[in-house]
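Throughout, read-outs are computed from the coordinates displayed, never taken from laboratory work. Predicted model, so just to flag it, every value in this text is computed and none were measured. Neighbour counts run over all protein chains shown; Cβ positions are idealised from the backbone, glycine included.
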Amino acid sequence: MSSKDDRKGLESLSRRQFNMGLAALPLIGMSGMSMANTQFPTAKVNTTKLAITDTEVTVGQLHSATGTMAISETGSIQAERLAIEQINAMGGVLGRQIKVIQEDGASDWPTFAEKSKKLLVNDRVAAVFGCWTSASRKAVLPIFEKENGMLYYPTFYEGLEQSKNVIYTGQEATQQIIYGLDWVQKEKNAKSFFLIGSDYIWPRTSNKIARKHIENFQKGKVVGEEYYPLGHTNFNSLINKIKVAKPDCVYAIVVGGSNVAFYKQMKAAGITADKQLLLTISVTEDELLGIGGENCNGFYACMKYFQSLDNANNKKFVEAFKAKYGAKEVIGDVTQAAYLGPWLWKATVEKAGSFDIDKVAAASPGIELKTAPEGYVKIHENHHLWSKARIGQIQSDGQFKLIAESPNLIEPNPFPKGYQ
Amino acid sequence: MTKLRHWLGTSDIAGIVILALVILVVMPLTADIFRLNLIGKYLTYAFVAVGLVMLWGYGGILSLGQGVFFGLGGYCMAMFLKLEASDPESTKIQSTPGIPDFMDWNQITQLPLWWEPFRHLPFAIFALLFVPTLLAFIVGFAMFKRRVGGVYFAIITQAVALVLTVLIIGQQGYTGGVNGMTDLKTMLGWDVRTDSAKYILYYANAILLFGAIFLCRWIQKSKLGTLLLAMRDKEDRVRFSGYDVANFKVFVFCLAAMLCGIGGAMFALQVGFMSPSFVGIVPSIEMVIFAAVGGRNSLVGAVYGTLLVNFGKTYFSESFPQLWLFLMAALFIGVVMAFPNGFAGLFEDFVKPWLLGKREKKPETPAVPPVAPVTMQDDDVSKTVTTRTVDSGDAVSAPTTGRMGPATA
């Protein structure tokens, strides 16, 4: 039902966006447009019975459209849709239009598992763009490995994982943490740190890496480490502890709705940017919509992408995104990483000359994307992306001002030695 | 056979035979392996629904925390499977090989002592049966002996569900936290993820479910069942007759908990993971809805209710990813308002009289054979009671919209 409607929507949109797509995206694989299917007969590019015809290739999209995670995952859904429409407007992949089957994970991990199985076993999709939380990824991972599917996962995450069947388009922990810590040490002379996190695997693992880096490599001091359940909204006791410990830098990995309470209560307690240095790796433009930039302006975040990045790729991306979804929409780090998924997949399929999962997985290392809004990215042997780290300062309008960026691409290292 | 009829009754036999045909023959023949595995998953929830028929439909005790027992059973099985999946060879990438991956992520370097017994399947099976039962006994004993019942008991069970969720999520080094225990692979070397294993598990699950239904039916037809019914409708009279009401309540609560535990264990085996999202308040209420939709007085109806609600959930969410929660809510509200005794009540009120009406024209002897006067009395009691509305613990009219609860990232 929905997939039919979606296709209709896609086709009418692709007509509307055809010119824009062409103008906006001078992308790799323009040659794909002229390729006739005689050149890529279905029997040859699809030897494992995926849902591919002479004119169409089916992919899956698996995010939470409902439930508590919907607010975070909507950006990813939108970005992936945008990328797919733009690819279709350019002629598709190996001469085939991309058809999307969207499933709702409903913020519920077992549902994610059920729906991923449906997409892989019943719908035989060639790739899945989806998942957001670590819990949902952990729930679907065994299924992707067992049924041999291909998942493009957009969120920055804790690392400690690597799979033939997953391309991680977000940063793993070390890519986000180490550069940021070094920056506050060098530029802000921070020696003592207070680590805060929501109580689940990503903040805990990230803080573990941060602590090892601070203690073993920077020879600094961790003066406190605190965790609060997801959805926690009363941070008064924490704020008192921060006041007593007087750290040079607060390192915050508070997630989701808790952020709103955390920053508002910090401001109410007088902990503002002019008195306290704070670095976070869990606040993007999306979260700032809820927190309000005026409640935390001056604090720093370490990400790989900010909507305000000043480069030609990003300007086109932001423009296309706002044209499609409205001028008020904001684009966070994960949204951009989700946007990379379909483009990376397209480039990989074209390099492999096949939709077969095994060939796509094998062809992935070395795939480059020069048109990424964040700049240049490349897939590493370990299926993560080489990417830069950037420090942004929160502005009261809910955007970030770019303060610093790593000179080189940072190598992804999901199993960091010396940090475990 | 006459003895079987004696405690089942002809219409019961017919109902169970039809259900058996649907589950054992029709579904495996019509559904592909993916759908069949899904049905297998739904049937694990049916254990909870069957338990709720005993507890709520017969005992008149509404528990909004059955997910706790489902979760405990599931975790006991998942712990065994996780240990087997975590042999030193397949976990050599970790800093401490040989322990479950989530422990390694949480800087635990040695398997906790209380995990050790779960290396053995017999212990795991013992635990999945008796850990939920023991918890139910403690909660039930503490509550019912103090004559806590009705809404207060429902609230306490919710609190237990919340406490256990917080405990599991908070102790992520020992429990896997929000992520749960994932990537369960083999049981005693037998790969549970293959298609053939899925067929075998489906049938094992179905047979266990019928075992549970027979057990519950047997209890319903016994003197104990009659007492439960009497207690539900006029607790004081039973107490004044010299019975210790609390003991019966504790028993039926423990029974329902044990059934939940079996369901949870079968879930972990068939789905390949276990997570705290089955333990909380929202899933517990959903499980009550399964029983309510099917009919809380009917064991067979509860199974149909479970299947129907879950089919609805899967179908609506596949077809209308943006709208499906509203459609589910409409289904629940519709069922509760239009036929408060669920689909089984519909059957009892309309289909059965029609069938019996046809039958009376035939010159045959009545379906129920003449039996001892005591049983006749029993039958009379159950007939009069099932047509009456229940006056305690009547909280069906609180349908949930599904997944709006405090989920997590």
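Would you please give the FRET efficiency between B:VAL351 and B:ARG239, computed as 1/(1 + (r/R0)^6) with r the Cβ-Cβ distance and R0 = 41 Å, to the nearest 0.05?
Numbers: r = 37 Å, r/R0 = 0.90.
About 0.65, to the nearest 0.05.
Where Lys and Arg each count +1 and Asp and Glu each count -1, what net charge lies around A:LYS221 among other residues with Cβ under 14 Å from its Cβ?
Numbers: positive: A:LYS191, A:ARG211, A:LYS212, A:LYS219, A:LYS246; negative: A:GLU215, A:GLU225, A:ASP248.
Cβ neighbours under 14 Å give a net charge of +2.
Looking at the range A:323-420, the trypsin sites (Lys or Arg not before Pro) that sit in a DSSP loop and have at most 14 other Cβ atoms within 10 Å of their own Cβ are A:LYS328, A:LYS417. Site pair A:LYS221 and A:THR47 shows an inter-label distance of 6.3 nm when each label is modelled 7 Å from Cα along Cα→Cβ. Once Lys and Arg get +1 and Asp and Glu get -1 on their Cβ, which of A:TYR227, B:LEU62, A:THR53 lies farthest toward the positive end of the dipole of the protein assembly as shown? Final value for the positive-end residue is B:LEU62. Exceedance of the 31 Å cut-off in Cα-Cα distance is limited, within the set A:LYS304/A:LYS417; A:LYS115/B:LYS185; A:LYS346/B:LYS82; A:LYS188/A:LYS346, to A:LYS346/B:LYS82; A:LYS188/A:LYS346.
List the GluC sites (Glu not before Pro) in the range A:364-411 that DSSP assigns to loop (not H, G, I, E or B) and whose Cβ has at most 13 other Cβ atoms within 10 Å. Which are they? List each step's numbers first, then the result.
Values: sites: A:GLU368, A:GLU374, A:GLU381, A:GLU405; in loops: A:GLU374, A:GLU381.
Loop-located and lightly packed - A:GLU381.
Looking at the range B:77-162, the trypsin sites (Lys or Arg not before Pro) that sit in a DSSP loop and have at most 15 other Cβ atoms within 10 Å of their own Cβ are B:LYS92, B:LYS145, B:ARG146, B:ARG147.
Report the FRET efficiency, 1/(1 + (r/R0)^6), for A:ASP182 and B:ALA197, where r is their Cβ-Cβ distance and R0 is 41 Å, rounded to 0.05. Intermediate values should be presented prior to the final figure.
Numbers: r = 50 Å, r/R0 = 1.22.
After rounding to 0.05, the efficiency reads 0.25.
Considering only B:LEU24, B:GLY295, B:THR182, the residue lying farthest towards the positive end of the dipole of the range B:2-387 is B:GLY295, judged by Cα position with unit charges set on Cβ. Between A:ALA362 and A:TYR376, residue separation times 0.36 nm minus the direct Cα-Cα distance comes to 2.9 nm.
Once backbone amide H atoms are built at 1.01 Å from N, A:THR280 has A:ALA252, A:TYR300, A:ALA301, A:CYS302 as its partners under 5 Å, excluding neighbours fewer than 5 places away on the same chain. Under a model in which nothing but the beta-carbon of Lys, Arg (+1) and Asp, Glu (-1) is charged, the protein assembly as shown shows a dipole of about 660 debye around its Cα centre. The alpha-carbon of A:LYS212 sits under 18 angstrom from the alpha-carbons of these aspartates and glutamates, leaving out residues fewer than 8 places away in its chain: A:GLU158, A:GLU172, A:ASP182, A:GLU225, A:GLU226, A:ASP248, B:ASP104.
For a straight C-alpha distance cut-off of 16 angstrom, the aspartates and glutamates reachable from A:LYS99 (same-chain residues fewer than eight places away being disregarded) are A:ASP5, A:ASP6, A:GLU11, A:ASP54, A:GLU56, A:GLU80, A:GLU85, A:ASP123, B:GLU318. Using 0.36 nm per residue, how much length does the chain from B:VAL17 to B:ALA330 gain when fully extended, once their Cα-Cα distance is taken away? Contour length minus Cα-Cα distance gives 109.6 nm. Taking 22 Å as the limit for the C-alpha separation, the pairs B:LYS41/B:LYS198; A:LYS138/A:LYS164; A:LYS264/A:LYS388; A:LYS44/A:LYS138; A:LYS219/A:LYS275 exceed it in the case of A:LYS264/A:LYS388; A:LYS44/A:LYS138; A:LYS219/A:LYS275.
Each of B:VAL131, B:GLN270, B:SER90 was scored by the projection of its Cα onto the charge dipole of the range B:2-387, and the greatest displacement toward the positive side belongs to B:VAL131; charges sit on the C-beta of Lys, Arg, Asp and Glu. Remark: the range B:347-357, residue by residue, has Karplus-estimated 3J(HN,Hα) of 4, 4, 7, 10, 6, 5, x, 5, 5, 5, x Hz, where x stands for each Gly or Pro and the curve is 6.51 cos²θ - 1.76 cosθ + 1.60 at θ = phi - 60°.
For the range A:103-116, putting each phi into the Karplus relation 6.51 cos²θ - 1.76 cosθ + 1.60 with θ = phi - 60° gives couplings of 10, 9, x, 6, 6, 10, 5, x, 5, 4, 4, 4, 5, 5 Hz, in residue order, rounded to whole numbers and with x for Gly and Pro. Annotation for the range B:12-48 versus the range A:129-162: alpha-carbon center distance of 31 Å. In sequence order, the range B:50-63 has phi-based couplings of 4, x, 5, 4, 5, 6, 9, x, 8, x, x, 9, 8, 10 Hz under the Karplus curve 6.51 cos²θ - 1.76 cosθ + 1.60, θ = phi - 60°, and Gly or Pro positions carry x.
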